[in-house]
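Enquirer: One structure coming up, written as structure tokens, with questions to follow.
Nothing in this text is a laboratory measurement; each read-out follows from the coordinates by a stated rule. Predicted model, so just to flag it, every value in this text is computed and none were measured. Note that each Cβ is placed from the backbone with ideal geometry, even for glycine, and that neighbours are counted across all protein chains shown.
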Amino acid sequence: MRHHITRSMFVLAIALIGGTSTLWAGPPGGSRAVPVQMPYDAPPKNQDVPDVSIPPNTAPLSEEELKRAEALLPLLEGKQEFWAMGEFVHLGESSVPVLVKALTMPSPRIRYNAIETLSMMRGVSAVPALLVTAKEPNELPRVREHALRVAIRLDPAKTPEAIEVMARDQNPSVRKSAAFEARYVRNKAVIPILIPMISDDERFVAMSALHSLWILTRHETEFHDWDTSTKQDRQAWSSEWVEWWEANKETFEVPEPKRSGRAS
């Protein structure tokens, strides 16, 4: 009797684990359970939801809106920072000159959030100011790196000079950012910036530069163990890139990015 009860409890547990789509049926006191598939009703399709969002402003700011934008600047830091960022996005690109002022305010949090807001609103007209921030040696590395990253996403053609400045910076984190972000600038001007970075003192900087070169040029050199290389190794191997560039710089064009094999 105890064995029969235990067996029944086991069958019931399996049925519960299997979900509600399967029932276990069998004769009372039987020793075998038979799975029975229940009909499946697909959930109803989502109804089209109307777009009730408010589009960003495209007109010049009125005097009242300008004052409002100025008052939002201190709120880019603190409990209301996300709300303030959303308000700037709604005010639109007309508020870019106000946000640019935030790039020189004392609080690094305000400066960082101003850069993020410019990214959210696609503030292309702010790119020159972002590049000034990216090149500023006294700015915090994370703010400089974010400024470069956003500037590249907004207008990559204007960024090679800033990449070159950051590539020579004393801070290896800044140099790595320049080497990494350069791969998103499909402009041959960044190639001669990246090649000397292969022999950087810091291997993680050198590897970022090398990967960017591979992505931008698709040029294949002799096999080298870059992952365990020393600076002396990289200095020797970089000569291959120098020779290749000297032979091809007049005719080289950055190839189109590789497309995914999946159908869109």
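Enquirer: Using alpha carbons only, how many angstrom separate the centre of segment 215-259 from the centre of segment 77-146?
Expert: 35 Å
Enquirer: Could you name the lysines in cross-link range of residue 79, using Cα to Cα under 29 Å and dropping any fewer than eight places away on the same chain?
Expert: Excluding near neighbours in sequence, the set is 67, 101.
Enquirer: So what are the radius of gyration and Dmax for the Cα set of segment 191-264, in Å?
Expert: Gyration radius and largest Cα-Cα distance of segment 191-264: 13.5, 45 Å.
Enquirer: Taking the Cα centre of segment 66-158 as the origin, how large is its charge dipole in debye, to the nearest 20, when only Lys and Arg (+1) and Asp and Glu (-1) carry charge on their Cβ atoms? Numbers along the way, then the final one.
Expert: On the way: 13 positive and 10 negative charges, 17 e Å.
That gives segment 66-158 a dipole magnitude of about 80 debye.
Enquirer: Something else about it: Largest first and in whole Å, give the semi-axes of segment 66-158's equivalent ellipsoid, each being the square root of 5 times a Cα gyration tensor eigenvalue.
Expert: Working: eigenvalues 75, 45, 22 Å².
Here the semi-axes work out to 19, 15, 10 Å.
Enquirer: A further question on this structure: Looking at segment 111-217, what % of the alpha carbon pairs are farther apart than 20 Å?
Expert: Details: 1823 of 5671 pairs.
Above the 20 Å cut-off, segment 111-217 has 32 percent of its Cα pairs.
Enquirer: Each residue of segment 58-68 in turn: what ³J(HN,Hα) in whole Hz from Karplus with 6.51, -1.76, 1.60 and θ = phi - 60°, glycine and Pro shown as x?
Expert: So the J values, rounded to whole Hz, are 10, 8, x, 5, 6, 4, 5, 5, 5, 5, 5.
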